[in-house]
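One structure is given here, and the rest of the page talks about it.
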Amino acid sequence: MTIRPQACRWFELITTREDLTAVLAALAHAGAVELQAHREPASAFVVQGVASALEHVQTLARRYAAYWPPVAVVGGRVSDPAASLEVATRHVDTWCVQADPLIEQAERLEAQARAMADLARLLEIGGDRLPAAALLAGANRHQDLAMRCYALPAPLPAFSLPADALVQTLPAPPGELLLALGRPQAIAEVDARLAATRATRIDWPEDLVGEPRENLAEIGRRRAANARAQARIHADLATLAERHSLAGALATVATVNWLHEHGRRLASSERLVWITGWTIADNAASLCEPVNRAGLHCAVRFPAAPEGMEAPARLVNPRWARAFETFARLLGQPGPHEADPSMLVAFVAPVLFGFMFGDVGQGLVLCAAGWLLRRRFPVMQMLVPGGAMAAFFGLAFGSLFAREDLVPALWIHPLSHPVTLLAAAVGVGALILACGLALAALQAHWRGEHRRWWSRDAGLVCVYLSLLGAIAWRPLIWGALAGAIWYVLGAARQARARRMLAALGGAGELLEKGLQLAVNTVSFARVGAFALAHAGLSSAVVGLAEAAGSFGYWIVLALGNLLILGLEGLVVGIQTTRLLMFEFFVRFLQASGRPFRPLAPPVAVHENPSRRPA
């Protein structure tokens with residue numbers, strides 16, 4: 001746990017060609033290495049003669065992947081990638097040839113199932129409003145009459161229908177159902193105009209001539225029979241896949257494909273492969289631990305990184321602060337000689353958010369929402385401390401679900417003391433900016449530039465702190481003057497020639513940076529302004545609720561709180577991000593590093609669509 005990003009170490013690992021795939025897979029699953037080739041590799045490890053076979057399997061995947069079994073294990077030992085891929089491809093090809101008739105049947109059954117589902121929907125929604133079933137079933141056999149049923153999607157496509165066709169529409173959320181009846185020429189024109197939309201044609205079976213309830217029951221029986229037939233087809237496909245070891249063949253293909261992609265980053269000899277790159281492991285034992293656990297062997301060393309290569313860095317934060325790494329990464333990756341502000345932001349961001357959104361009830365709602373959504377949307381876990389701080393400031397402001405008469409204010413009511421609120425917000429901002437200046441000083445020490453910082457930049461800090469202190473005690477204004485002289489003399493001292501000109505330049509630079517700090521400090525007044533806006537909106541909601549009378553009071557109050565949660569929650573979140581990025585981070589964060597990108601584990605060369613049966 002440190003505020004300084006951890007620079008990754010250069011590693012060199014030697015293993016055999018036979019164990020290469022399994023070793024790389026073990027390292028990838030551990031998430032501890034990023035591959036990078038040495039600038040002058042001996043000879044790149046290239047898997048010869050596999051490109052065309054891999055492309056062939058990718059082509060097959062576009063047609064058959066929906067019916068392939070899931071690949072559970074990828075990345076096992078492959079001693080001869082080209083030969084293993086040839087055998088695996090033969091298994092895949094044989095399965096495809098034998099599975100084709102079954103897949104054609106499955107696709108016909110799926111199309112029939114979709115058509116019957118649409119027909120059942122039409123019967124459920126249309127009911128007695130539909131024409132007689134005998135008319136619908138025989139309409140298309142009549143020389144002078146034709147009928148069409150369509151399921152229209154949402155949003156509804158733009159189209160026009162011929163005037164000589166009788167049209168009826170039925171609402172069927174999320175779209176509509178359309179019935180058109182008319183002469184064959186008019187219905188053919190309906191077909192042509194709807195062909196360009198995503199409308200689905202629903203054909204009425206000629207043998208479906210009963211009452212609506214009887215027809216719906218018959219459709220249910222047909223759908224059940226269709227489902228049983230589909231289950232038999234997919235069982236036959238599963239048996240065929242097991243007979244030809246399709247899952248294992250696909251795993252081999254995926255492994256060789258993964259090795260083919262990453263092999264060019266590795267150097268090799270006739271028997272050995274040299275794996276190089278960056279790692280977050282502290283020592284050889286921890287780097288080799290996943291390899292040894294898989295029953296494999298390797299040799300590792302940690303030499304100095306090749307000249308000219310930039311080491312990636314990773315942020316090292318406790319779990320409670322990791323979500324707040326998002327703020328720093330909006331600008332980029334902090335480098336090894338920069339401070340990672342995530343742990344500080346984990347305190348600052350909730351305070352700013354809570355100050356602007358001070359309400360006990362609304363804060364607890366946000367806190368609960370963040371807790372419930374944290375797994376599905378990890379960034380939402382920031383609402384937990386943010387909501388907790390909003391509840392804390394709600395106690396300070398005496399606000400509970402927009403009402404200020406239920407809990408006593410431990411500090412002030414915002415609308416009653418606006419000047420105090422704005423001054424407090426500016427004070428919080430000054431403290432945050434002072435932390436930014438302290439981080440800039442720490443970074444100068446890490447870069448070995450502490451003497452330069454003390455000789456010049458420390459004067460700016462002296463000016464800023466003295467001016468802040470002078471608000472309470474006037475004599476500190478002399479400290480600001482001393483800091484200004486300090487900065488100007490430091491600028492002159494650091495110049496090798498024309499020191500008088502350098503001193504004048506330092507004075508101008510001090511004026512510019514001082515004005516920037518002043519503007520940044522005053523900018524935090526918006527925190528108080530948004531707290532006032534939140535209190536004003538809450539007061540308006542309560543006023544409207546009281547005007548609605550006893551019956552509408554709770555409805556208006558609930559809707560008003562929901563409006564505040566949605567609208568102000570978004571606005572306050574944006575303002576918190578803006579203050580951190582453009583007022584705080586600008587003081588020290590340059591985002592000069594590059595992130596650590598671990599080697600991704602091997603995956604199957606295809607993705608099974610959701611329609612594939614489990």
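The values are calculated or read from the model by the stated rules, or taken from the named source; none is laboratory data. Only a predicted model underlies this, so the values are computations on that prediction, with no experimental measurement involved. No Cβ is skipped: glycine too gets one built from the backbone with ideal geometry, and neighbour counts run over all protein chains shown. Ligands, DNA and RNA are excluded from the accessible area calculation, which covers all protein heavy atoms including side chains. Shrake-Rupley method; radii C 1.70, N 1.55, O 1.52, S 1.80 Å.
Table for the structure above
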| quantity | calculated |
| --- | --- |
| Filter result (touching a strand residue (DSSP E or B) at 6+ places or on another chain (Cβ under 7 Å) and aliphatic (A, V, I, L, M)) within the stretch 233-287 | Leu266, Ala267, Leu272, Val273, Ile275, Ile280, Ala284, Leu287 |
| Meets criteria (charged (D, E, K, R), closer than 22 Å to Leu400 by Cβ and surrounded by 16 or more Cβ atoms within 10 Å (Cβ to Cβ)) for Glu568 | yes |
| Some residue of the stretch 517-528 being open to solvent by 40 Å² or more (accessible area, probe 1.4 Å) and touching a residue at least 60 places away in the same chain (Cβ under 8 Å) | yes |
| Selected residue (only one of Ala241, Ala254, Ala249, Ala196 is farther than 30 Å from Ala30 by Cβ, within 36 Å of the chain's Cα centre (by Cα) and either buried (at least 18 other Cβ atoms within 10 Å of the Cβ) or not hydrophobic (A, V, I, L, M, F, W, C) (or both)) | Ala241 |
| Scan of the stretch 361-384 for residues that are over 18 Å from His534 (Cβ atoms) and surrounded by 17 or more Cβ atoms within 10 Å (Cβ to Cβ), ordered by number | Gly370, Met380, Gln381, Met382, Val384 |
| Residue in the stretch 176-193 that is of a type in the set (Asp, Glu), in a strand (DSSP E or B) and at pLDDT 80 or above present | yes |
| Selection status of Glu307, surrounded by fewer than 19 Cβ atoms within 10 Å (Cβ to Cβ), at pLDDT 90 or above and over 29 Å from the mean Cα position of the chain (by Cα) | no |
| First in the stretch 580-608 and more than 13 Å from Gly332 (Cβ to Cβ) and at pLDDT 90 or above, second anywhere and open to solvent by 30 Å² or more (accessible area, probe 1.4 Å) and not polar (S, T, N, Q), Cβ under 7 Å, 6 or more apart | Phe596/Ile280; Phe596/Arg314 |
| From the options Leu119, Leu161, residue that is open to solvent by less than 50 Å² (accessible area, probe 1.4 Å), at pLDDT below 85 and outside any helix (DSSP H, G or I) | Leu161 |
| All positions within the stretch 480-495 that are open to solvent by 20 Å² or more (accessible area, probe 1.4 Å) and at pLDDT 90 or above | Leu481, Ala482, Ala484, Ile485, Trp486, Val488, Leu489 |
| Residue check for Asn292: part of a loop (DSSP other than H, G, I, E, B) and polar (S, T, N, Q) | no |
| Matching option when the condition is among the hydroxyl-bearing types (Ser, Thr, Tyr), touching a residue at least 40 places away in the same chain (Cβ under 8 Å) and assigned to a strand (DSSP E or B), among Thr276, Thr252 | Thr276 |
